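Report on one structure; see the data block that follows.
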Amino acid sequence: MTDQPKKKHAVGRRDFLKKAVAGGVAATTTAVSPSPAEAQQPAPAPTAAPAAAAPTAAYEFLNLEEQAFVEALVDHMIPADDLTPKGTDIGIHIYIDRALSGAWGKGDRLYMQGPWSVGQPSQGYQLPLTPAQLYRAGIAATNAHCLTTYRKTFDKLDPAQREEVLIGLSSGKLSLGALPSRTFFTTVYQTVMEGMFADPIYGGNRNKAGWKLIGFPGALAVNRENVEKFRDKPFPSNPIGIADMS
Amino acid sequence: MATRLKEVDVVIVGLGWTGGILAKELSEAGLKVVAIERGDMRTTAKDYSVPNVRDELRYVVRHDLMMNTARDTITVRNSPSQLALPMRRLGSFLPGDVVGGSGVHWSGHTWRWTDMELRVRSMYEERYGKKFIPADMTIQDWGITYEELEPYYDRFERTAAISGKAGNIRGEIQPGGNPFEAPRARDYPLPPLTPILASEMFTAAARDAGYHPFPRPSANASRAYTNPDGSKFGACQYCGYCQRFGCEANAKGSPHMTVIPIAMANPNFELRTHAWVTRVNKDSSGKKVTGVTYTNVLNGEEFEQPAGVVLLCAYVTNNVHLMLTSGIGKPYDPVSQTGVIGRNYCYQTGATATLFFEGRHFNPFMNAGGSNASMDDFNTNWAFDRAPHGFVGGYVVGAGFNTVLPIGYRPVPAGTPQWGKAWKAATAKWYQTAMQISASGSVMANRYNYLDLDPTYKNAFGLPMMRMTFDYKENEHVMGKHSADFINKTARAMNPTHLTEATARTDPWTVVPYQSTHNTGGAVMGTRPRDSALNKYLQSWDCHNLFVVGANAFPHNSAYNPTGPVGALAYWTADAIKRYVKKPGSLV
């Protein structure tokens with residue numbers, strides 16, 4: 001493990017720029033700001049603070065029923081074991097809430113004009129719903145199914161029942177009425193994986209649990225020498241996120 | 001009412017690789033040039049710097065550098081009998097939307113397309129006879145030869161800092177390079193990148209089987225470099241954040257750090273960002289264009305920019321769209337097979353196998369576009385006899401990694417659950433131990449693959465969207481099977497612990513997931529107005545002061561990435577326009 005830099009936070013933006021950037025870094029600065037790197041430094045917040053403070057993070061978008069659903073879902077899909085903490089301890093539920101309350105959830109970069117038609121699978125997403133609307137409708141429809149089938153909402157099901165519901169959604173065999181269940185599940189699954197593996201600045205992947213699981217080194221990657229040095233050898237991974245270098 | 005601006009010599013629509021090259025060349029030639037770009041200005045120092053550029057969610061998943069489909073998109077269908085529906089978000093391909101265009105977020109693979117592409121119909125007919133080419137395969141010669149383009153390929157390779165190993169210098173085969181490439185006057189400006197383990201293992205296996213692997217030529221500077229224009233490159237850091245990202249090291253040849261800043265320093269050049277061209281204007285005769293009309297997207301104000309010469313340098317699909325909405329040239333009709341605008345739209349195909357080697361460490365986060373290996377034995381190798389296999393075209397096989405980040409890349413053997421403890425254990429175990437072998441295959445033009453205007457859907461400017469009708473045909477299916485069989489045979493010989501085999505695709509083309517931003521055709525070059533929109537100088541047959549520069553000019557698509565000929569043709573066209581302005585009229 002001695003090959004990794006010891007002072008992680010010292011290997012920041014400025015050292016990297018000195019090492020790698022050929023262009024003129026100061027070319028676009030205004031008169032008052034010392035350099036782009038300095039100007040973008042946040043207020044003197046300790047770099048580890050956002051991740052450490054997150055367990056009590058509050059919801060912006062999901063209502064109480066949806067919060068219970070999402071927490072149960074991410075803890076079922078990402079259970080605690082020797083490899084990682086459970087989904088809510090990684091912050092995946094918070095990631096999902098923020099994604100849905102933000103621009104992506106509200107349909108940013110999504111063409112939302114009609115007329116609407118189901119179309120062929122090859123034509124991609126054709127629902128008149130933003131991701132946030134799809135999530136909301138999908139949770140309601142899944143809970144309605146769970147109440148009919150098990151007389152409980154998804155969050156109250158036992159693990160075997162939860163598994164049955166998720167298999168049903170992922171295979172498309174569980175009908176959600178007007179809503180295509182696989183489309184809902186594809187969106188849910190994608191956001192769970194984003195919450196596990198996106199940079200921790202987005203609220204998930206807390207303490208880089210997802211990156212540590214696979215040995216992904218994160219945002220810092222100056223591998224010019226490492227290609228030879230670690231050829232067919234394990235790369236000592238203590239991942240660095242964007243906040244660690246900001 | 002649009003405000004009419006002062007006339008300039010040249011107006012350029014879109015400022016990526018082609019617009020950037022033409023902006024630099026023509027402003028240096030003394031012409032007054034204005035470039036109109038819908039995106040914003042981004043620079044390495046302020047936008048592509050560590051740490052914020054190292055963000056998979058923002059750049060790969062949320063498409064920060066890409067075209068915004070909420071504002072403008074295309075409609076898609078697989079055949080003329082289907083109802084086309086909007087591509088409501090990006091997926092299969094990713095046109096760029098900033099100054100520098102897709103030249104910012106490409107990964108740099110740069111090839112020289114040879115006469116096997118440029119003279120495709122002649123070469124196949126001469127060797128195999130006319131009947132070998134199916135009746136609905138509308139391939140044609142491009143009207144230009146490799147020999148004519150060679151100096152321009154060379155020029156682009158030097159501008160963009162291509163690292164690679166020559167395979168054929170003036171007819172002499174060079175050890176370690178691609179022996180099937182056409183003769184080049186000299187080697188690449190930079191040596192190849194250091195190969196990663198996956199490339200080395202594939203190279204060894206391909207060589208053992210009697211094939212000819214070589215380092216993939218790519219615009220990732222293998223060491224610090226200053227190009228002939230004085231643009232400075234840092235050395236590639238193998239950071240693994242290459243395609244979809246701007247390069248913080250300025251190691252990836254991109255227009256925003258080469259040709260564009262040089263043009264911007266020239267008083268003859270002016271860039272207008274946030275400006276969306278809605279129309280190319282014509283004079284009353286219809287034989288000349290007079291300039292463009294655009295909207296300032298910051299406040300909605302409309303302007304008319306008159307110009308002596310108009311250059312369409314936007315993405316393939318946007319160039320064709322502007323021609324269709326502006327009524328330039330006759331739209332293609334697949335039933336009567338008349339008209340040319342929208343004709344010969346092509347895409348690419350491919351197949352991939354994943355090989356798992358217990359105990360190996362591939363470190364898939366260390367890579368660059370050029371850290372990979374390729375082989376061309378089934379592509380630019382005319383000695384490979386297509387007759388027994390029954391297909392036109394070919395495929396490149398390669399291995400290595402090219403920006404595989406963890407939201408999108410976590411290979412596990414077949415049969416692994418999608419979630420839960422077993423999924424986690426498998427993900428942890430196999431992430432570092434997997435490599436892939438992939439093929440990229442050509443797509444030959446077909447009568448029923450084309451672009452036209454959609455009758456229903458409109459973009460944010462009230463213009464009809466472009467409609468894309470595309471699917472793979474028998475030729476691609478046959479070739480796809482050949483490529484999958486080859487990949488699987490090679491992979492098995494490498495003796496992996498597990499193998500997820502490559503499968504030849506048989507299902508229709510889909511708008512998800514991502515496949516390749518290598519769309520081509522729709523306003524193609526050629527020898528006669530009957531079946532091409534442009535002559536060999538990318539000059540419109542209909543309006544001689546309009547040039548349409550980019551992969552829209554390719555009459556079919558090869559297995560190779562398109563940027564090599566796109567860059568070469570931009571330099572070639574720049575020289576042609578310098579002649580044109582002295583003596584306006586048709587250049588052929």
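Assorted remarks:
- Breaking point among (1) out of contact with any helix residue (DSSP H, G or I) (no Cβ under 8 Å at 6 or more places or on another chain); (2) farther than 30 Å from residue B:3 by Cα; (3) crowded, with 17+ Cβ neighbours inside 10 Å; (4) not aromatic (Phe, Trp, Tyr), for residue B:349: (1)
- Evaluation of residue B:310 against (1) outside any loop (DSSP other than H, G, I, E, B); (2) in contact with an Asp or Glu (Cβ under 7 Å, 6 or more places away or on another chain); (3) within 24 Å of residue B:573 (Cα to Cα) (one fails), failing number: (2)
- Screening A:203, A:215 for residues that are out of contact with any strand residue (DSSP E or B) (no Cβ under 6 Å at 6 or more places or on another chain), at the interface with chain B (Cβ under 7 Å from one of its Cβ atoms), surrounded by 18 or more Cβ atoms within 10 Å (Cβ to Cβ) and on the phi > 0 side of the Ramachandran plot leaves exactly one candidate, A:215.
- Residues in the range A:218-233 that are among the aliphatic types (A, V, I, L, M) and facing another protein chain (nearest Cβ under 7 Å) were compared, and the one that is farthest from residue B:430 (Cα to Cα) is A:222.
- Helices (runs of 4 or more DSSP H) within the range B:42-133 that include 1 or more residues free of Cβ contacts under 8 Å to residues at least 12 places away in the same chain and over 19 Å from the mean Cα position of the chain (by Cα): B:44-47, B:120-128
- Counting only residues that are among the β-branched types (Val, Ile, Thr) and closer than 28 Å to residue B:394 by Cα, the range B:322-362 holds 5 of them.
- Summed over the range B:205-255, residues that are more than 8 Å from chain A (Cβ to nearest Cβ) and either in contact with a His (Cβ under 7 Å, 6 or more places away or on another chain) or part of a loop (DSSP other than H, G, I, E, B) (or both) total 24.
- Checking A:134, A:174, A:147 one by one, the residue that is in a helix (DSSP H, G or I), within 27 Å of residue B:410 (Cβ to Cβ), modelled with pLDDT of 95 or more and not polar (S, T, N, Q) is A:134 and no other.
- Taken as a whole, the condition of being buried (at least 16 other Cβ atoms within 10 Å of the Cβ) and within 21 Å of residue B:384 (Cβ to Cβ) does not apply to residue B:156.
- Residues of the range B:371-414 that are more than 17 Å from residue B:126 (Cα to Cα), part of a loop (DSSP other than H, G, I, E, B) and among the aromatic types (Phe, Trp, Tyr): B:378, B:401, B:409.
- Residues that are of a type in the set (Ser, Thr, Tyr) and farther than 30 Å from residue A:210 by Cα do not occur anywhere in the range B:355-371.
- Any hit, the range B:263-281, residues being among the basic types (Lys, Arg), outside any strand (DSSP E or B) and in contact (Cβ under 8 Å) with a residue 40 or more places away in the chain: no
- Restricting A:108, A:81 to those that are farther than 24 Å from residue B:64 by Cβ and surrounded by fewer than 19 Cβ atoms within 10 Å (Cβ to Cβ) reduces the list to A:81.
- Residue match in the range B:499-510 (condition: touching a residue at least 24 places away in the same chain (Cβ under 8 Å), at positive phi and either among the polar types (S, T, N, Q) or buried (at least 19 other Cβ atoms within 10 Å of the Cβ) (or both)): no
- Qualifying positions in the range B:369-391 - out of contact with any His (no Cβ under 6 Å at 6 or more places or on another chain) and modelled with pLDDT under 95: B:370, B:371
- For the range B:1-41, residues that are at pLDDT below 95 and either in contact with a Lys or Arg (Cβ under 8 Å, 6 or more places away or on another chain) or assigned to a helix (DSSP H, G or I) (or both) total 0.
- Test for residue B:198: is it surrounded by fewer than 20 Cβ atoms within 10 Å (Cβ to Cβ), at negative phi and in a helix (DSSP H, G or I): no
- Subset of the range B:519-535 [surrounded by 22 or more Cβ atoms within 10 Å (Cβ to Cβ), part of a loop (DSSP other than H, G, I, E, B) and of a type outside the set (A, V, I, L, M)]: B:519, B:526, B:532, B:535
- Meets criteria (in a strand (DSSP E or B), among the basic types (Lys, Arg) and under 30 Å from residue B:322 (Cβ atoms)) for residue B:467: yes
- Restricting attention to the range B:26-64, the residues that are within 12 Å of another protein chain (Cβ to nearest Cβ) and not aromatic (Phe, Trp, Tyr) add up to 22.
- Flag if residue B:358 is surrounded by fewer than 19 Cβ atoms within 10 Å (Cβ to Cβ), modelled with pLDDT of 95 or more and more than 30 Å from residue B:565 (Cβ to Cβ): yes
- Which numbered condition residue B:230 misses (of (1) out of contact with any Gly (no Cβ under 8 Å at 6 or more places or on another chain); (2) at negative phi): (2)
- Every condition in (1) surrounded by 20 or more Cβ atoms within 10 Å (Cβ to Cβ); (2) outside any strand (DSSP E or B); (3) facing another protein chain (nearest Cβ under 10 Å); (4) out of contact with any helix residue (DSSP H, G or I) (no Cβ under 8 Å at 6 or more places or on another chain) holds for residue B:421 except the one numbered (1).
- Restricting the range A:111-132 to residues that are within 14 Å of chain B (Cβ to nearest Cβ) and in contact (Cβ under 8 Å) with a residue 24 or more places away in the chain leaves a set whose member that is surrounded by the fewest Cβ atoms within 10 Å (Cβ to Cβ) is A:130.
- Annotation: residue A:152 fulfils all but one of (1) within 14 Å of chain B (Cβ to nearest Cβ); (2) more than 26 Å from residue B:87 (Cα to Cα); the unmet one is (1).
- Any hit, the range A:205-214, residues being in a loop (DSSP other than H, G, I, E, B), within 19 Å of the chain's Cα centre (by Cα) and modelled with pLDDT of 95 or more: yes
- Lone qualifier among B:439, B:460, B:484, B:445 - being assigned to a strand (DSSP E or B) and in contact (Cβ under 8 Å) with a residue 24 or more places away in the chain: B:439
The values are calculated or read from the model by the stated rules, or taken from the named source; none is laboratory data. No experiment lies behind these values; they were computed from the predicted model shown. Because the Cβ atoms are built from the backbone with ideal geometry, glycine has one as well, and the counts that use them run over all protein chains shown.
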